[in-house]
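Undergrad: Sharing a structure, written as structure tokens. Questions coming.
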Amino acid sequence: MGGFFGVASRRDCIFDLYYGTDYHSHLGTRRAGMAVYDSERGFDRAIHNIETANFRPKFEKDIVKMKGNLGIGCISDYEPQPLIVRSHHGTYAITTVGKINNTAEIVNILFENGHSHFLEMSGGDINPTELVASIINQKSTIAEGIHYAQELIRGSMTLLLMTKEGIYAARDKFGRTPVQVGKNEYGYCVCFESFSFLNLGYVPEKELGPGEIDFISPECVEVLQKPQEKMRICTFLWIYYGYPTSIYEGLNVEQVRYNCGIKLAERDKKRGNVHPDLIAGVPDSGVAHAIGYSNASGVPYGRPFVKYTPTWPRSFMPPFQDRRNLIAKMKLIPVHQLIRGRSLLLIDDSIVRGTQLRETTEYLYESGAKEVHIRPACPPLIYGCKYLNFSRSSSERELITRKTIMRLEGTPNPSAETLQTYINPDSDEYAAMLEEIRKELNFTSLHYHRLDDMIEAIDLEPCKLCTYCWNGKD
């Protein structure tokens, strides 16, 4: 995944840039960077690896040296950025969030149009931000180039591009990721997460629409390309990776998660066969879902285990799955008095491979739990995301649902029609899949959030939500 923060101010922006970018640290795990422009010093940039340390300590020496009234910063899960590019548009800095699925096709187009070249990263990949810059440089103006990139790229692409005059902000063509603008007495900021500027003295100004391109200077925000009507914003923003205080399309993440928990509780009430003693959420993203469930069901909410965060990095930070699993397990400290002899209902944001949740369940049994009921806050993940990089390390065959379907169907390549039968929550195939997963992961019971309930909890028109990973529909 990834996030960004930009500032166009009439005063030095480095303080706001530093803390605003840091507020996006939950969105990326590998690289971070800041670029600034000062009329006397010109462009300056710093990039660091953040796999073993948080953003702030990595950049605390840089902010003493850096200066400028324009700046962009980013947190990235993969490529080093922002990049500073020199072209016929002049010098500019650029950072992107998205996923390019037709890289080879675009590279061939660029080679045919001229003598472009790209620096290969480790593994032979091309930095997608560099590729976007090359696309932009094909056109006579930056705005035309950004629009060209939006049309050419299959996947998604949201970006900030900083020149000497200001910052171009462009939201993905279908609005899969957000772009927010804040304002204070000195100018403007632009960011991924809406909460990131609140404690810095900015107030909300606007949210860019799908495909919208704006130019932001210290004096004003100018719309260069109006938004389109069609939108497919990523639903997982509310379910999993959005921060609780964030607001997308006017909908707060924490409130939506409460709503999801309420829907899960209402479904269980209709079934009438589960009577837990305690409702708990897997820290951190499962907590709000669990609170919503508890409030609706009347069953107490509690913390049978507590996440130890002062020194442990996030569980998804290491590049190797076995290390992520180990750290996830070591971070959770049990409260035996809340576990022993009790029936627990546990809500997690999702089940991907199932490895961590199985270990958590076994951990609870070993600590004396009588029952462990699992309620994922989203439907079964059947398809790998092809629009964003938050699931970059996962292939579809690693998904526990796909493994289960392949086992039930007796084929490594079930057809699209067959997969659709497992998506229907009222089908026999769906029930068989759930039972197989329940037994494999050793849950007392398992019921996923239904897609229709989840969409109702979000309260946005279904046609505006991307639900591809659950139903395979664009």
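The values are calculated or read from the model by the stated rules, or taken from the named source; none is laboratory data. Predicted model only: the values in this text are computed from it and were never measured. Here the Cβ positions follow ideal geometry from the backbone for every residue, glycine too, while neighbour counts run over all protein chains shown.
Undergrad: Just checking, how many residues over segment 42-52 are exposed (fewer than 12 other Cβ atoms within 10 Å of the Cβ) and either within 16 Å of ASP22 (Cβ to Cβ) or of a type in the set (Lys, Arg) (or both)? Full working, then the answer.
TA: As a first pass, look at segment 42-52 and keep what is exposed (fewer than 12 other Cβ atoms within 10 Å of the Cβ): 49, 52.
Checking which are either within 16 Å of ASP22 (Cβ to Cβ) or of a type in the set (Lys, Arg) (or both) leaves us with 49.
Total meeting the criteria: 1.
Undergrad: Within segment 1-53, which residues are at positive phi and over 15 Å from the mean Cα position of the chain (by Cα)?
TA: Of everything in segment 1-53, just one residue is at positive phi and over 15 Å from the mean Cα position of the chain (by Cα), namely GLY42.
Undergrad: Considering only segment 333-378, state which residues are closer than 26 Å to ASN259 by Cα and in a strand (DSSP E or B).
TA: The answer is SER343, LEU344, LEU345, LEU346, ILE347, GLU371, VAL372, HIS373, ILE374.
Undergrad: Now, a different point. Condition check: within 18 Å of the chain's Cα centre (by Cα), buried (at least 16 other Cβ atoms within 10 Å of the Cβ), closer than 21 Å to TYR186 by Cα and at pLDDT 95 or above. Does GLY73 satisfy that?
TA: On the way: within 18 Å of the chain's Cα centre (by Cα): yes; buried (at least 16 other Cβ atoms within 10 Å of the Cβ): yes; closer than 21 Å to TYR186 by Cα: yes; at pLDDT 95 or above: yes.
Spelling it out, GLY73 is indeed within 18 Å of the chain's Cα centre (by Cα), buried (at least 16 other Cβ atoms within 10 Å of the Cβ), closer than 21 Å to TYR186 by Cα and at pLDDT 95 or above.
Undergrad: Continuing with this model, one more query. Among the residues of segment 133-158, write down those that are hydroxyl-bearing (Ser, Thr, Tyr) and assigned to a loop (DSSP other than H, G, I, E, B).
TA: SER140, THR141
Undergrad: Which of the residues that make up segment 159-183 are in a loop (DSSP other than H, G, I, E, B) and not hydrophobic (A, V, I, L, M, F, W, C)?
TA: As a first pass, look at segment 159-183 and keep what is in a loop (DSSP other than H, G, I, E, B): 163-166, 171-179.
Across segment 159-183, the qualifying residues are THR163, LYS164, GLU165, GLY166, ARG171, ASP172, LYS173, GLY175, ARG176, THR177, PRO178.
Undergrad: Then there is this: Which residues, counting only those in segment 416-474, are over 23 Å from PRO276 (Cβ atoms) and basic (Lys, Arg)?
TA: Correct list: LYS464, LYS473.
Undergrad: If you check ALA369, ALA377, which single one turns out to be more than 27 Å from the chain's Cα centre (by Cα) and modelled with pLDDT of 95 or more?
TA: On the way: ALA377 fails: more than 27 Å from the chain's Cα centre (by Cα).
The unique qualifying residue is ALA369.
Undergrad: Exactly one condition in (1) out of contact with any Gly (no Cβ under 6 Å at 6 or more places or on another chain); (2) surrounded by 23 or more Cβ atoms within 10 Å (Cβ to Cβ); (3) not aliphatic (A, V, I, L, M) is not met by GLN81; state its number.
TA: (1)
Undergrad: Determine whether THR103 is hydroxyl-bearing (Ser, Thr, Tyr) and either surrounded by 14 or more Cβ atoms within 10 Å (Cβ to Cβ) or in contact with a Gly (Cβ under 6 Å, 6 or more places away or on another chain) (or both).
TA: On the way: hydroxyl-bearing (Ser, Thr, Tyr): yes; either surrounded by 14 or more Cβ atoms within 10 Å (Cβ to Cβ) or in contact with a Gly (Cβ under 6 Å, 6 or more places away or on another chain) (or both): yes.
Here the answer is yes, as THR103 does meet what is asked.
Undergrad: Report, ordered by the first and then the second residue, all pairs with beta carbons closer than 8 Å, sequence separation of six or more or different chains, a first member in segment 161-181 that is closer than 13 Å to ASP214 by Cα, and a second member that is part of a loop (DSSP other than H, G, I, E, B) and among the β-branched types (Val, Ile, Thr).
TA: So the pair list comes out as ALA169/VAL179; ALA170/VAL179; ARG171/THR177; ARG171/VAL179.
Undergrad: Determine which single condition LYS269 fails, assuming it passes every other condition in (1) free of Cβ contacts under 8 Å to residues at least 60 places away in the same chain; (2) crowded, with 20+ Cβ neighbours inside 10 Å.
TA: Status for LYS269: all satisfied but (2).
Undergrad: Let me ask something additional. For segment 193-236, enumerate the residues that are under 26 Å from LEU465 (Cα atoms), out of contact with any helix residue (DSSP H, G or I) (no Cβ under 7 Å at 6 or more places or on another chain) and among the hydrophobic types (A, V, I, L, M, F, W, C).
TA: PHE195, LEU208, VAL223, CYS234, PHE236
Undergrad: Of all residues in segment 48-105, which are outside any strand (DSSP E or B), touching a strand residue (DSSP E or B) at 6+ places or on another chain (Cβ under 7 Å) and β-branched (Val, Ile, Thr)?
TA: Scanning segment 48-105 gives ILE50, THR103.
Undergrad: Looking for something at pLDDT 95 or above, assigned to a helix (DSSP H, G or I) and either in the same structural domain as VAL352 (by TED's automatic domain parsing) or not hydroxyl-bearing (Ser, Thr, Tyr) (or both) - is there at least one such residue anywhere in segment 313-326?
TA: First pass over segment 313-326, keeping only residues at pLDDT 95 or above: none.
No, every residue in segment 313-326 fails to be at pLDDT 95 or above, assigned to a helix (DSSP H, G or I) and either in the same structural domain as VAL352 (by TED's automatic domain parsing) or not hydroxyl-bearing (Ser, Thr, Tyr) (or both).
Undergrad: Would you mind telling me which numbered condition in (1) crowded, with 21+ Cβ neighbours inside 10 Å; (2) of a type in the set (S, T, N, Q); (3) modelled with pLDDT of 95 or more ASN389 fails?
TA: For ASN389, the exception is condition (3).
Undergrad: Of the residues GLU207, GLU193, GLU222, only one is assigned by TED's automatic domain parsing to the domain that holds ARG11, in contact with a strand residue (DSSP E or B) (Cβ under 8 Å, 6 or more places away or on another chain) and surrounded by fewer than 18 Cβ atoms within 10 Å (Cβ to Cβ); which? Working first, answer last.
TA: Values: GLU207 fails: surrounded by fewer than 18 Cβ atoms within 10 Å (Cβ to Cβ); GLU193 fails: surrounded by fewer than 18 Cβ atoms within 10 Å (Cβ to Cβ).
One residue alone meets the criteria, GLU222.
Undergrad: Same structure, new question: Among the helices (runs of 4 or more DSSP H) confined wholly to segment 401-474, which include 2 or more residues that are more than 18 Å from GLY384 (Cβ to Cβ)?
TA: Numbers: elements: 416-423, 428-441, 451-458, 468-471.
Where helices (runs of 4 or more DSSP H) fall fully within segment 401-474 and carry at least 2 residues being more than 18 Å from GLY384 (Cβ to Cβ), they are 416-423, 428-441, 451-458.
Undergrad: Test ALA457 against the stated conditions and say whether it is touching a residue at least 12 places away in the same chain (Cβ under 8 Å), among the small types (Gly, Ala, Ser) and either under 25 Å from ASP268 (Cα atoms) or outside the structural domain of SER343 (by TED's automatic domain parsing) (or both).
TA: Working: touching a residue at least 12 places away in the same chain (Cβ under 8 Å): yes; among the small types (Gly, Ala, Ser): yes; either under 25 Å from ASP268 (Cα atoms) or outside the structural domain of SER343 (by TED's automatic domain parsing) (or both): yes.
Taking the combined requirement at face value, the residue satisfies it.
Undergrad: What pairs can you find where one residue is in segment 427-441 and exposed (fewer than 13 other Cβ atoms within 10 Å of the Cβ), the other is assigned to a helix (DSSP H, G or I), and their Cβ atoms are less than 9 Å apart, with a gap of 6+ or different chains?
TA: ASP428/THR421
Undergrad: Considering only residues that are among the basic types (Lys, Arg) and over 28 Å from the mean Cα position of the chain (by Cα), which ones fall in segment 401-427? Talk me through it step by step, then tell me what you get.
TA: So the first thing to find is which residues in segment 401-427 are among the basic types (Lys, Arg), and the list is 402-403, 407.
ARG407, the sole residue that qualifies.
Undergrad: Go through (1) surrounded by fewer than 22 Cβ atoms within 10 Å (Cβ to Cβ); (2) among the small types (Gly, Ala, Ser); (3) not in a strand (DSSP E or B) for GLY20 and report which single condition fails.
TA: Condition (1) is where GLY20 drops out.
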